[in-house]
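A short write-up of the structure that comes next.
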Amino acid sequence: MNTIRKFFVAARIKLMYLIAVLLVLLVPLMFFAFGSGIVEKIGRKIPIREGTFSATGELQLDRGDIRK
Amino acid sequence: MKETVNPFADAKPRLSRRGREARLRVNPEQAPAFMPGSRRVDSHSRGSSIFLTALLFLFLGFMLIGGNRRNPRMMAASAVYVVFLTVLAYLIFRTGFVSRYRSIFFSAYGLAFVLGFIPMLLEQRGHLALTGQDIANLDTPLCHLTIPMLIVPGLVYGVLIFPTKLFSDLGFFPMLFLWLGATLTIGKGWCSWGCFYGGLDEFFSKLLPKRRLSSRNFNYKLRWFPFALLAVIVLWAFLALEPVYCSWLCPFKAVTEFVKPVNLLIWIQTGLFIALFLGLVVVLPLLMKRRTQCGLFCPFGAFQSLAGLVNPYRVRVDKDKCTQCGACVAECPTFSITEETLAKHKVSISCARCGRCMEVCPRGAIQYALLGVPLRGGTETAARGRFWKEVVRPDSLFVFAALLFGGIISGGMVASSLLRILHFVQTGSLLLK
Ligand code: SF4
Ligand code: SF4
Ligand code: SF4
(Lines give C-alpha, C1' and ligand atoms only; values in the text may rest on other atoms or scores of the structure.)
(Ligands and ions follow the chains in the order given, each with its own letter.)
Protein backbone atom coordinates (compact mmCIF):
# COMPACT_ATOMS: atom_id res chain seq x y z
CA MET A 1 0.00 0.00 0.00
CA ASN A 2 2.76 2.35 1.04
CA THR A 3 4.72 1.62 -2.12
CA ILE A 4 1.71 2.30 -4.31
CA ARG A 5 1.10 5.58 -2.51
CA LYS A 6 4.71 6.56 -2.91
CA PHE A 7 4.54 5.73 -6.60
CA PHE A 8 1.50 7.91 -7.15
CA VAL A 9 2.98 10.79 -5.18
CA ALA A 10 6.19 10.58 -7.25
CA ALA A 11 4.14 10.39 -10.46
CA ARG A 12 2.06 13.41 -9.42
CA ILE A 13 5.16 15.46 -8.66
CA LYS A 14 6.72 14.55 -12.02
CA LEU A 15 3.50 15.44 -13.80
CA MET A 16 3.37 18.83 -12.11
CA TYR A 17 6.95 19.59 -13.12
CA LEU A 18 6.15 18.53 -16.67
CA ILE A 19 3.15 20.87 -16.73
CA ALA A 20 5.33 23.69 -15.38
CA VAL A 21 7.92 23.18 -18.14
CA LEU A 22 5.17 23.01 -20.78
CA LEU A 23 3.70 26.27 -19.48
CA VAL A 24 7.08 27.96 -19.95
CA LEU A 25 7.14 26.76 -23.56
CA LEU A 26 3.54 27.87 -24.04
CA VAL A 27 4.53 31.53 -23.52
CA PRO A 28 6.54 32.02 -26.76
CA LEU A 29 4.25 29.59 -28.61
CA MET A 30 1.27 31.71 -27.70
CA PHE A 31 2.88 34.89 -29.03
CA PHE A 32 3.88 33.07 -32.21
CA ALA A 33 0.30 31.93 -32.61
CA PHE A 34 -0.82 35.56 -32.54
CA GLY A 35 1.21 36.28 -35.65
CA SER A 36 -0.02 33.17 -37.45
CA GLY A 37 -3.67 34.19 -37.78
CA ILE A 38 -4.94 31.49 -35.45
CA VAL A 39 -6.73 34.08 -33.30
CA GLU A 40 -8.85 35.04 -36.28
CA LYS A 41 -9.47 31.41 -37.22
CA ILE A 42 -10.71 30.41 -33.78
CA GLY A 43 -12.46 33.73 -33.20
CA ARG A 44 -14.61 33.30 -36.31
CA LYS A 45 -15.96 30.04 -34.87
CA ILE A 46 -17.14 31.78 -31.68
CA PRO A 47 -20.68 33.12 -32.12
CA ILE A 48 -20.25 36.70 -30.99
CA ARG A 49 -20.63 39.82 -33.08
CA GLU A 50 -19.69 43.46 -32.79
CA GLY A 51 -22.29 45.76 -31.30
CA THR A 52 -23.95 48.65 -33.10
CA PHE A 53 -23.68 51.85 -31.09
CA SER A 54 -25.38 55.20 -31.33
CA ALA A 55 -23.24 58.35 -31.27
CA THR A 56 -24.12 58.68 -27.56
CA GLY A 57 -22.56 55.29 -26.89
CA GLU A 58 -25.74 53.29 -26.44
CA LEU A 59 -25.84 49.72 -27.69
CA GLN A 60 -28.55 49.21 -30.31
CA LEU A 61 -29.66 45.73 -29.45
CA ASP A 62 -32.13 43.86 -31.58
CA ARG A 63 -34.06 42.05 -28.87
CA GLY A 64 -35.02 39.42 -31.44
CA ASP A 65 -31.39 38.32 -31.19
CA ILE A 66 -31.76 37.03 -27.64
CA ARG A 67 -30.74 33.41 -27.67
CA LYS A 68 -33.32 30.80 -26.94
CA MET B 1 25.73 67.58 -1.04
CA LYS B 2 22.34 66.83 -2.51
CA GLU B 3 20.87 63.61 -1.18
CA THR B 4 19.66 61.21 -3.87
CA VAL B 5 16.49 59.24 -3.28
CA ASN B 6 16.32 55.74 -4.58
CA PRO B 7 12.69 54.96 -5.55
CA PHE B 8 13.31 51.30 -4.96
CA ALA B 9 14.95 51.73 -1.60
CA ASP B 10 11.93 50.07 -0.04
CA ALA B 11 13.01 46.81 -1.61
CA LYS B 12 16.11 46.69 0.54
CA PRO B 13 15.99 43.90 3.08
CA ARG B 14 15.53 46.10 6.15
CA LEU B 15 13.41 43.35 7.53
CA SER B 16 13.16 43.73 11.22
CA ARG B 17 12.37 47.46 10.99
CA ARG B 18 9.98 47.20 8.04
CA GLY B 19 7.81 44.54 9.58
CA ARG B 20 7.88 45.90 13.10
CA GLU B 21 4.35 47.24 13.34
CA ALA B 22 2.68 44.06 12.12
CA ARG B 23 5.05 41.83 14.06
CA LEU B 24 4.28 43.57 17.31
CA ARG B 25 0.63 43.11 16.68
CA VAL B 26 0.84 39.46 15.70
CA ASN B 27 3.35 38.09 18.13
CA PRO B 28 5.17 40.60 20.25
CA GLU B 29 7.33 38.08 22.07
CA GLN B 30 8.70 36.36 19.04
CA ALA B 31 11.92 37.86 17.75
CA PRO B 32 12.70 36.90 14.14
CA ALA B 33 15.54 34.48 13.75
CA PHE B 34 17.03 36.59 10.99
CA MET B 35 20.75 37.01 11.39
CA PRO B 36 22.02 40.09 9.57
CA GLY B 37 24.12 39.01 6.63
CA SER B 38 22.65 35.52 6.43
CA ARG B 39 20.83 34.48 3.23
CA ARG B 40 17.16 33.76 3.57
CA VAL B 41 15.98 34.17 0.01
CA ASP B 42 16.21 31.43 -2.59
CA SER B 43 19.17 32.55 -4.65
CA HIS B 44 20.70 30.49 -7.46
CA SER B 45 24.28 29.45 -7.99
CA ARG B 46 26.25 31.41 -10.58
CA GLY B 47 26.04 28.54 -13.09
CA SER B 48 22.27 28.12 -12.99
CA SER B 49 21.73 31.90 -12.92
CA ILE B 50 23.79 32.29 -16.09
CA PHE B 51 22.02 29.35 -17.73
CA LEU B 52 18.51 30.64 -16.95
CA THR B 53 19.41 34.19 -17.94
CA ALA B 54 21.03 33.10 -21.20
CA LEU B 55 17.97 31.03 -22.08
CA LEU B 56 15.71 33.97 -21.36
CA PHE B 57 17.95 36.25 -23.43
CA LEU B 58 17.63 33.85 -26.38
CA PHE B 59 13.85 33.66 -26.15
CA LEU B 60 13.43 37.42 -25.68
CA GLY B 61 16.00 38.27 -28.33
CA PHE B 62 14.29 35.98 -30.83
CA MET B 63 10.82 37.31 -30.09
CA LEU B 64 11.54 41.02 -29.61
CA ILE B 65 14.64 41.78 -31.67
CA GLY B 66 13.92 39.17 -34.36
CA GLY B 67 10.27 40.19 -34.48
CA ASN B 68 11.25 43.76 -35.43
CA ARG B 69 13.81 42.94 -38.10
CA ARG B 70 11.92 44.97 -40.73
CA ASN B 71 12.14 48.11 -38.61
CA PRO B 72 15.76 48.90 -37.67
CA ARG B 73 14.87 51.63 -35.16
CA MET B 74 12.43 49.38 -33.27
CA MET B 75 14.97 46.57 -33.52
CA ALA B 76 17.63 48.71 -31.84
CA ALA B 77 15.24 49.94 -29.14
CA SER B 78 14.12 46.33 -28.51
CA ALA B 79 17.75 45.25 -28.21
CA VAL B 80 18.28 47.87 -25.48
CA TYR B 81 15.19 46.58 -23.66
CA VAL B 82 16.26 42.95 -23.97
CA VAL B 83 19.64 43.81 -22.41
CA PHE B 84 17.84 45.66 -19.59
CA LEU B 85 15.60 42.63 -18.94
CA THR B 86 18.55 40.26 -19.12
CA VAL B 87 20.45 42.18 -16.45
CA LEU B 88 17.36 42.22 -14.20
CA ALA B 89 16.81 38.49 -14.78
CA TYR B 90 20.38 37.69 -13.76
CA LEU B 91 20.03 39.77 -10.62
CA ILE B 92 16.73 38.07 -9.77
CA PHE B 93 18.13 34.56 -10.13
CA ARG B 94 21.52 35.25 -8.60
CA THR B 95 20.36 37.23 -5.57
CA GLY B 96 16.92 35.68 -5.07
CA PHE B 97 15.41 39.16 -4.53
CA VAL B 98 12.59 38.63 -6.99
CA SER B 99 10.40 41.55 -6.03
CA ARG B 100 13.19 44.11 -5.84
CA TYR B 101 14.20 43.68 -9.48
CA ARG B 102 10.74 42.75 -10.77
CA SER B 103 9.58 46.06 -9.41
CA ILE B 104 12.04 47.96 -11.63
CA PHE B 105 10.80 46.10 -14.71
CA PHE B 106 7.14 46.45 -13.76
CA SER B 107 7.35 50.18 -13.00
CA ALA B 108 9.22 50.87 -16.24
CA TYR B 109 6.50 48.94 -18.09
CA GLY B 110 3.70 50.98 -16.47
CA LEU B 111 5.41 54.27 -17.25
CA ALA B 112 6.22 53.21 -20.81
CA PHE B 113 2.56 52.36 -21.29
CA VAL B 114 1.40 55.87 -20.41
CA LEU B 115 4.20 57.45 -22.39
CA GLY B 116 3.38 55.35 -25.44
CA PHE B 117 -0.40 55.00 -25.37
CA ILE B 118 -1.48 58.64 -25.38
CA PRO B 119 0.83 59.67 -28.29
CA MET B 120 -0.25 56.50 -30.15
CA LEU B 121 -3.92 57.50 -29.87
CA LEU B 122 -3.07 61.02 -31.01
CA GLU B 123 -1.22 59.63 -34.02
CA GLN B 124 -4.03 57.26 -34.93
CA ARG B 125 -7.08 59.44 -34.32
CA GLY B 126 -5.71 62.94 -34.19
CA HIS B 127 -7.44 63.57 -30.86
CA LEU B 128 -7.43 62.04 -27.41
CA ALA B 129 -10.97 62.36 -26.08
CA LEU B 130 -13.30 59.74 -27.54
CA THR B 131 -16.08 61.25 -29.68
CA GLY B 132 -19.49 59.83 -30.50
CA GLN B 133 -18.21 59.14 -34.00
CA ASP B 134 -15.26 57.07 -32.64
CA ILE B 135 -17.72 55.01 -30.58
CA ALA B 136 -20.07 54.48 -33.50
CA ASN B 137 -17.06 53.43 -35.63
CA LEU B 138 -16.04 50.89 -32.93
CA ASP B 139 -12.78 52.77 -32.69
CA THR B 140 -12.26 52.21 -28.94
CA PRO B 141 -9.26 50.12 -27.90
CA LEU B 142 -10.31 47.40 -25.47
CA CYS B 143 -8.36 46.50 -22.36
CA HIS B 144 -8.48 43.40 -20.20
CA LEU B 145 -10.40 45.16 -17.41
CA THR B 146 -13.57 44.93 -19.52
CA ILE B 147 -13.48 41.15 -20.00
CA PRO B 148 -15.57 40.17 -16.92
CA MET B 149 -18.35 42.52 -18.06
CA LEU B 150 -18.46 41.17 -21.60
CA ILE B 151 -18.91 37.49 -20.79
CA VAL B 152 -22.54 37.29 -19.63
CA PRO B 153 -24.05 39.62 -22.27
CA GLY B 154 -21.88 37.85 -24.85
CA LEU B 155 -23.32 34.48 -23.84
CA VAL B 156 -26.92 35.69 -23.62
CA TYR B 157 -27.14 38.10 -26.55
CA GLY B 158 -24.17 37.03 -28.66
CA VAL B 159 -23.03 40.62 -28.89
CA LEU B 160 -20.15 42.73 -27.58
CA ILE B 161 -21.41 45.47 -25.31
CA PHE B 162 -18.13 47.38 -25.73
CA PRO B 163 -17.66 49.55 -28.83
CA THR B 164 -14.62 47.77 -30.23
CA LYS B 165 -13.85 45.61 -33.25
CA LEU B 166 -13.57 41.84 -32.94
CA PHE B 167 -10.18 41.45 -34.62
CA SER B 168 -8.36 44.81 -34.63
CA ASP B 169 -4.98 45.00 -32.83
CA LEU B 170 -6.54 46.20 -29.58
CA GLY B 171 -9.86 44.51 -30.27
CA PHE B 172 -11.82 41.81 -28.47
CA PHE B 173 -10.31 38.53 -29.64
CA PRO B 174 -6.61 39.46 -29.39
CA MET B 175 -7.26 40.68 -25.83
CA LEU B 176 -9.32 37.61 -24.95
CA PHE B 177 -6.63 35.21 -26.20
CA LEU B 178 -3.91 37.20 -24.49
CA TRP B 179 -5.84 36.98 -21.22
CA LEU B 180 -6.42 33.25 -21.68
CA GLY B 181 -2.72 32.70 -22.35
CA ALA B 182 -1.72 34.80 -19.32
CA THR B 183 -4.17 32.96 -17.11
CA LEU B 184 -2.85 29.57 -18.16
CA THR B 185 0.83 30.42 -17.96
CA ILE B 186 1.15 32.77 -14.99
CA GLY B 187 -2.37 32.93 -13.48
CA LYS B 188 -2.74 35.74 -10.98
CA GLY B 189 0.93 36.50 -11.64
CA TRP B 190 -0.54 38.70 -14.40
CA CYS B 191 -1.02 41.33 -11.71
CA SER B 192 2.69 41.56 -10.89
CA TRP B 193 4.29 40.74 -14.23
CA GLY B 194 1.88 41.44 -17.09
CA CYS B 195 -0.53 44.29 -16.40
CA PHE B 196 0.58 47.75 -17.51
CA TYR B 197 -1.84 49.44 -15.10
CA GLY B 198 -0.41 47.52 -12.17
CA GLY B 199 3.02 48.88 -13.10
CA LEU B 200 1.79 52.40 -12.36
CA ASP B 201 0.43 51.37 -8.98
CA GLU B 202 3.73 49.66 -8.25
CA PHE B 203 5.76 52.70 -9.36
CA PHE B 204 4.00 55.07 -6.98
CA SER B 205 4.15 52.55 -4.13
CA LYS B 206 7.94 52.48 -4.44
CA LEU B 207 8.58 56.16 -4.94
CA LEU B 208 8.91 57.39 -1.36
CA PRO B 209 11.63 55.86 0.78
CA LYS B 210 9.45 55.73 3.90
CA ARG B 211 5.88 54.76 4.69
CA ARG B 212 3.85 57.84 5.66
CA LEU B 213 0.57 56.15 6.47
CA SER B 214 0.73 53.23 8.86
CA SER B 215 -1.44 50.19 8.24
CA ARG B 216 -1.36 49.22 11.91
CA ASN B 217 -5.12 49.65 12.25
CA PHE B 218 -5.94 48.73 8.70
CA ASN B 219 -9.08 46.66 8.23
CA TYR B 220 -7.89 43.74 6.12
CA LYS B 221 -11.46 42.74 5.32
CA LEU B 222 -11.35 45.56 2.75
CA ARG B 223 -9.35 43.22 0.53
CA TRP B 224 -12.67 41.56 -0.35
CA PHE B 225 -14.03 44.82 -1.80
CA PRO B 226 -12.73 44.08 -5.34
CA PHE B 227 -14.66 40.78 -5.28
CA ALA B 228 -17.87 42.58 -4.27
CA LEU B 229 -17.26 45.24 -6.92
CA LEU B 230 -16.69 42.49 -9.49
CA ALA B 231 -20.09 40.96 -8.73
CA VAL B 232 -21.76 44.38 -8.92
CA ILE B 233 -20.22 45.42 -12.26
CA VAL B 234 -20.87 42.04 -13.89
CA LEU B 235 -24.55 42.22 -12.94
CA TRP B 236 -24.86 45.94 -13.67
CA ALA B 237 -23.20 45.57 -17.08
CA PHE B 238 -25.58 42.76 -17.97
CA LEU B 239 -28.66 44.73 -16.93
CA ALA B 240 -27.53 48.02 -18.44
CA LEU B 241 -25.87 46.43 -21.50
CA GLU B 242 -23.02 48.84 -21.02
CA PRO B 243 -19.42 48.38 -19.75
CA VAL B 244 -20.29 50.31 -16.60
CA TYR B 245 -16.85 50.09 -15.01
CA CYS B 246 -15.41 51.88 -18.05
CA SER B 247 -18.13 54.53 -17.93
CA TRP B 248 -17.97 55.26 -14.22
CA LEU B 249 -15.14 53.76 -12.22
CA CYS B 250 -11.93 53.02 -14.12
CA PRO B 251 -9.07 55.02 -12.55
CA PHE B 252 -6.93 54.48 -15.64
CA LYS B 253 -9.23 56.47 -17.89
CA ALA B 254 -7.39 59.43 -16.43
CA VAL B 255 -4.22 58.38 -18.27
CA THR B 256 -5.60 56.62 -21.33
CA GLU B 257 -8.70 57.85 -23.13
CA PHE B 258 -11.98 59.26 -22.00
CA VAL B 259 -15.21 60.34 -23.59
CA LYS B 260 -15.24 63.95 -24.76
CA PRO B 261 -16.99 65.87 -21.95
CA VAL B 262 -19.97 67.36 -23.79
CA ASN B 263 -22.48 67.35 -20.93
CA LEU B 264 -22.63 67.39 -17.13
CA LEU B 265 -22.90 63.60 -16.82
CA ILE B 266 -19.66 63.06 -18.74
CA TRP B 267 -17.97 65.78 -16.69
CA ILE B 268 -18.98 63.92 -13.51
CA GLN B 269 -17.66 60.64 -14.91
CA THR B 270 -14.39 62.29 -15.93
CA GLY B 271 -14.06 63.83 -12.47
CA LEU B 272 -14.55 60.41 -10.91
CA PHE B 273 -11.83 58.86 -13.08
CA ILE B 274 -9.36 61.57 -12.11
CA ALA B 275 -10.26 61.38 -8.39
CA LEU B 276 -9.94 57.57 -8.37
CA PHE B 277 -6.63 57.72 -10.19
CA LEU B 278 -5.14 60.36 -7.92
CA GLY B 279 -6.47 58.69 -4.77
CA LEU B 280 -5.90 55.01 -5.45
CA VAL B 281 -3.00 54.94 -7.89
CA VAL B 282 -0.97 57.96 -6.76
CA VAL B 283 -1.63 59.27 -3.26
CA LEU B 284 -2.45 56.13 -1.26
CA PRO B 285 0.35 54.00 -2.79
CA LEU B 286 2.77 56.88 -2.11
CA LEU B 287 1.71 57.13 1.52
CA MET B 288 1.10 53.46 2.36
CA LYS B 289 3.76 51.95 0.11
CA ARG B 290 1.15 49.40 -0.98
CA ARG B 291 -0.64 48.83 -4.26
CA THR B 292 -3.97 50.15 -3.04
CA GLN B 293 -5.72 50.25 -6.41
CA CYS B 294 -4.77 46.65 -7.18
CA GLY B 295 -5.31 45.30 -3.67
CA LEU B 296 -8.44 47.16 -2.65
CA PHE B 297 -10.30 48.22 -5.78
CA CYS B 298 -9.61 46.56 -9.13
CA PRO B 299 -12.42 44.11 -9.99
CA PHE B 300 -10.34 42.53 -12.74
CA GLY B 301 -7.74 41.67 -10.11
CA ALA B 302 -10.47 39.80 -8.22
CA PHE B 303 -11.57 38.10 -11.44
CA GLN B 304 -7.99 37.08 -12.13
CA SER B 305 -7.62 35.73 -8.58
CA LEU B 306 -10.43 33.29 -9.40
CA ALA B 307 -9.53 32.54 -13.02
CA GLY B 308 -5.84 32.22 -12.11
CA LEU B 309 -6.59 29.18 -9.97
CA VAL B 310 -6.24 27.12 -13.17
CA ASN B 311 -2.54 27.95 -13.11
CA PRO B 312 -0.53 25.53 -10.94
CA TYR B 313 1.72 28.08 -9.19
CA ARG B 314 0.96 29.17 -5.65
CA VAL B 315 2.68 31.11 -2.90
CA ARG B 316 2.84 28.95 0.22
CA VAL B 317 3.91 29.36 3.83
CA ASP B 318 6.00 26.61 5.38
CA LYS B 319 4.39 25.88 8.73
CA ASP B 320 7.54 24.32 10.10
CA LYS B 321 9.52 27.52 9.56
CA CYS B 322 6.99 30.31 10.05
CA THR B 323 7.11 31.84 13.53
CA GLN B 324 4.07 34.05 12.88
CA CYS B 325 6.27 37.11 13.32
CA GLY B 326 4.07 39.13 10.95
CA ALA B 327 6.83 40.82 8.97
CA CYS B 328 5.16 39.71 5.75
CA VAL B 329 1.75 41.10 6.79
CA ALA B 330 3.03 44.65 6.86
CA GLU B 331 4.81 44.32 3.54
CA CYS B 332 2.45 42.50 1.18
CA PRO B 333 1.56 45.16 -1.42
CA THR B 334 -1.84 43.64 -2.17
CA PHE B 335 -2.93 43.06 1.45
CA SER B 336 -2.98 39.32 0.80
CA ILE B 337 -1.43 38.17 4.08
CA THR B 338 -3.31 38.77 7.30
CA GLU B 339 -3.18 37.40 10.83
CA GLU B 340 -5.99 35.00 9.91
CA THR B 341 -4.36 33.66 6.77
CA LEU B 342 -1.03 33.34 8.60
CA ALA B 343 -2.67 31.35 11.38
CA LYS B 344 -3.64 28.83 8.67
CA HIS B 345 -0.18 29.16 7.10
CA LYS B 346 -1.71 30.49 3.91
CA VAL B 347 -1.79 33.60 1.78
CA SER B 348 -5.06 35.00 0.51
CA ILE B 349 -6.44 34.13 -2.95
CA SER B 350 -5.65 37.70 -4.02
CA CYS B 351 -1.87 37.09 -3.85
CA ALA B 352 -0.32 38.52 -7.00
CA ARG B 353 2.85 36.37 -6.90
CA CYS B 354 5.06 39.45 -6.52
CA GLY B 355 7.65 37.82 -4.26
CA ARG B 356 7.86 40.66 -1.73
CA CYS B 357 6.91 38.49 1.26
CA MET B 358 9.72 36.07 0.42
CA GLU B 359 12.23 38.91 0.61
CA VAL B 360 11.10 40.15 4.00
CA CYS B 361 10.49 36.82 5.75
CA PRO B 362 13.35 36.40 8.23
CA ARG B 363 12.93 32.60 8.18
CA GLY B 364 12.70 31.95 4.45
CA ALA B 365 9.29 30.45 5.19
CA ILE B 366 7.44 31.62 2.07
CA GLN B 367 8.04 30.12 -1.34
CA TYR B 368 6.71 29.96 -4.86
CA ALA B 369 5.33 26.44 -5.01
CA LEU B 370 3.75 24.09 -7.49
CA LEU B 371 0.36 22.64 -6.70
CA GLY B 372 0.69 19.06 -5.49
CA VAL B 373 4.44 19.32 -4.96
CA PRO B 374 5.76 19.41 -1.36
CA LEU B 375 7.58 22.56 -0.26
CA ARG B 376 11.32 22.54 -0.43
CA GLY B 377 12.84 21.98 2.97
CA GLY B 378 16.24 23.57 3.20
CA THR B 379 15.74 26.72 1.08
CA GLU B 380 18.60 27.39 -1.24
CA THR B 381 21.18 25.24 0.44
CA ALA B 382 19.38 21.98 -0.35
CA ALA B 383 19.68 22.57 -4.06
CA ARG B 384 22.87 24.58 -4.13
CA GLY B 385 25.44 23.16 -6.47
CA ARG B 386 22.93 20.86 -8.07
CA PHE B 387 22.53 22.59 -11.36
CA TRP B 388 19.41 20.97 -12.85
CA LYS B 389 17.59 20.90 -9.54
CA GLU B 390 18.02 24.66 -9.33
CA VAL B 391 16.97 25.17 -12.92
CA VAL B 392 13.70 23.28 -12.52
CA ARG B 393 12.81 24.54 -9.06
CA PRO B 394 9.22 25.86 -8.95
CA ASP B 395 10.41 29.41 -8.27
CA SER B 396 12.86 29.27 -11.20
CA LEU B 397 10.16 28.01 -13.55
CA PHE B 398 7.59 30.54 -12.41
CA VAL B 399 9.94 33.52 -12.53
CA PHE B 400 11.24 32.40 -15.93
CA ALA B 401 7.72 32.08 -17.38
CA ALA B 402 6.60 35.36 -15.81
CA LEU B 403 9.64 37.31 -17.02
CA LEU B 404 9.29 35.83 -20.47
CA PHE B 405 5.60 36.70 -20.61
CA GLY B 406 6.10 40.17 -19.13
CA GLY B 407 9.11 40.83 -21.37
CA ILE B 408 7.33 39.87 -24.57
CA ILE B 409 4.07 41.65 -23.81
CA SER B 410 5.83 44.83 -22.73
CA GLY B 411 8.46 44.73 -25.49
CA GLY B 412 6.69 46.73 -28.19
CA MET B 413 5.39 49.28 -25.73
CA VAL B 414 8.73 49.91 -24.02
CA ALA B 415 10.70 49.96 -27.28
CA SER B 416 8.34 52.47 -28.90
CA SER B 417 8.42 54.61 -25.75
CA LEU B 418 12.21 54.62 -25.88
CA LEU B 419 12.03 55.86 -29.46
CA ARG B 420 9.52 58.52 -28.43
CA ILE B 421 11.81 59.76 -25.68
CA LEU B 422 14.66 59.99 -28.18
CA HIS B 423 12.37 61.81 -30.60
CA PHE B 424 11.31 64.17 -27.82
CA VAL B 425 14.92 65.02 -27.04
CA GLN B 426 15.58 65.72 -30.73
CA THR B 427 12.36 67.52 -31.74
CA GLY B 428 10.44 68.38 -28.58
CA SER B 429 7.51 66.14 -29.58
CA LEU B 430 6.52 62.63 -28.47
CA LEU B 431 4.61 62.03 -31.71
CA LEU B 432 6.56 59.99 -34.23
CA LYS B 433 4.29 60.82 -37.16
S1 SF4 C 1 -5.32 44.32 -9.94
FE2 SF4 C 1 -6.12 45.21 -11.85
S3 SF4 C 1 -4.85 47.02 -12.32
FE4 SF4 C 1 -3.82 45.80 -10.73
S5 SF4 C 1 -2.39 44.54 -11.86
FE6 SF4 C 1 -4.25 43.31 -11.59
S7 SF4 C 1 -5.52 43.71 -13.39
FE8 SF4 C 1 -3.91 45.27 -13.33
S1 SF4 D 1 1.47 37.20 -0.52
FE2 SF4 D 1 3.61 37.58 -1.03
S3 SF4 D 1 3.79 37.10 -3.20
FE4 SF4 D 1 1.60 37.33 -2.73
S5 SF4 D 1 1.16 39.46 -3.22
FE6 SF4 D 1 1.64 39.37 -1.02
S7 SF4 D 1 3.83 39.80 -0.91
FE8 SF4 D 1 3.37 39.32 -3.04
S1 SF4 E 1 5.99 33.79 6.86
FE2 SF4 E 1 7.95 34.61 7.58
S3 SF4 E 1 7.59 36.82 7.76
FE4 SF4 E 1 5.58 35.86 7.63
S5 SF4 E 1 4.99 35.51 9.74
FE6 SF4 E 1 5.98 33.63 9.08
S7 SF4 E 1 8.12 33.86 9.67
FE8 SF4 E 1 7.20 35.91 9.78
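Quick check, is residue B:16 surrounded by 15 or more Cβ atoms within 10 Å (Cβ to Cβ) and at pLDDT 50 or above? Give the steps one after another, and end with the answer.
On the way: surrounded by 15 or more Cβ atoms within 10 Å (Cβ to Cβ): yes; at pLDDT 50 or above: no.
No; evaluated as a whole, the condition is false for this residue.
Does the range A:35-59 hold any residues that are out of contact with any Lys or Arg (no Cβ under 8 Å at 6 or more places or on another chain), facing chain B (nearest Cβ under 7 Å) and within 15 Å of residue B:173 (Cα to Cα), and which are they?
Residues satisfying the conditions are A:39, A:40, A:43, A:47, A:48, A:49, A:51.
Scanning the range B:104-140 for residues that are polar (S, T, N, Q) and within 14 Å of another protein chain (Cβ to nearest Cβ), which turns out nearest to the chain's Cα centre (by Cα)?
Going residue by residue through the range B:104-140, those that are polar (S, T, N, Q) are B:107, B:124, B:131, B:133, B:137, B:140.
Filter once more, keeping what is within 14 Å of another protein chain (Cβ to nearest Cβ): B:131, B:133, B:137, B:140.
Details: B:131: 31, B:133: 33, B:137: 32, B:140: 24 Å.
Step by step, filter the range B:104-140, then rank; the result is B:140.
Listed residues B:95, B:53; which is surrounded by fewer than 19 Cβ atoms within 10 Å (Cβ to Cβ) and of a type in the set (Val, Ile, Thr)?
On the way: B:53 fails: surrounded by fewer than 19 Cβ atoms within 10 Å (Cβ to Cβ).
Answer to the selection: B:95.
Kindly list the number of the only condition in (1) out of contact with any Cys (no Cβ under 9 Å at 6 or more places or on another chain); (2) modelled with pLDDT of 95 or more; (3) within 14 Å of another protein chain (Cβ to nearest Cβ) that fails for residue B:335.
Of (1) out of contact with any Cys (no Cβ under 9 Å at 6 or more places or on another chain); (2) modelled with pLDDT of 95 or more; (3) within 14 Å of another protein chain (Cβ to nearest Cβ), only one is false for residue B:335: (3).
Scan the range B:297-313 residue by residue and report those that are touching a Leu at 6+ places or on another chain (Cβ under 8 Å) and either outside any helix (DSSP H, G or I) or within 13 Å of ligand 2 (Cβ to nearest atom) (or both).
Keep residues of the range B:297-313 that are touching a Leu at 6+ places or on another chain (Cβ under 8 Å), which gives B:297-300, B:302-303, B:310-313.
Residues satisfying the conditions are B:297, B:298, B:311, B:312, B:313.
State the number of residues belonging to the range B:141-169 that are among the β-branched types (Val, Ile, Thr), facing chain A (nearest Cβ under 10 Å) and buried (at least 19 other Cβ atoms within 10 Å of the Cβ).
Number satisfying all stated conditions: 3.
Output the number of the condition that residue B:240 fails; it satisfies all remaining conditions of (1) within 14 Å of another protein chain (Cβ to nearest Cβ); (2) within 30 Å of residue A:19 (Cα to Cα); (3) not β-branched (Val, Ile, Thr).
Looking at each condition in turn, residue B:240 falls short on (2).
With assigned to a loop (DSSP other than H, G, I, E, B), assigned by TED's automatic domain parsing to the domain that holds residue B:255 and within 16 Å of ligand 1 (Cβ to nearest atom) as the only criterion, which of B:290, B:353 stands out? Don't jump to the end; show me each part of the working.
On the way: B:353 fails: assigned by TED's automatic domain parsing to the domain that holds residue B:255.
The conditions single out B:290.
Sort out which residues of the range A:1-17 are modelled with pLDDT of 90 or more and either more than 10 Å from every other protein chain (Cβ to nearest Cβ) or under 30 Å from residue B:239 (Cα atoms) (or both), and write them in order of number. Outline the logic, then answer.
Residues of the range A:1-17 modelled with pLDDT of 90 or more: A:3-17.
Those that are modelled with pLDDT of 90 or more and either more than 10 Å from every other protein chain (Cβ to nearest Cβ) or under 30 Å from residue B:239 (Cα atoms) (or both): A:3, A:4, A:5, A:6, A:7, A:8, A:10, A:11.
When you go through (1) assigned to a helix (DSSP H, G or I); (2) over 18 Å from residue B:334 (Cα atoms); (3) touching a residue at least 24 places away in the same chain (Cβ under 8 Å) one by one for residue B:231, which number turns out not to apply?
All conditions are met except number (3).
For the range B:406-431, name all the residues that are in contact (Cβ under 8 Å) with a residue 40 or more places away in the chain, within 13 Å of residue B:118 (Cβ to Cβ) and of a type outside the set (D, E, K, R).
Listed by number, the residues that qualify are B:413, B:416, B:417, B:430, B:431.
What are the residues in the range B:170-208 that are surrounded by 21 or more Cβ atoms within 10 Å (Cβ to Cβ), more than 10 Å from chain A (Cβ to nearest Cβ) and among the aromatic types (Phe, Trp, Tyr), if any?
B:190, B:193, B:196, B:197, B:203, B:204, listed by residue number.
Can you work out which of the residues in the range B:307-322 that are away from ligand 1 (no atom under 16 Å from the Cβ) and away from chain A (no Cβ under 14 Å) is farthest from the chain's Cα centre (by Cα)?
Out of the qualifying residues, it is B:320.
The values are calculated or read from the model by the stated rules, or taken from the named source; none is laboratory data. If you're wondering where the values come from, they're calculated on a predicted model, not measured in any experiment. Here the Cβ is made from the backbone with ideal geometry for all residues, glycine too, and neighbour counts use every protein chain on show.
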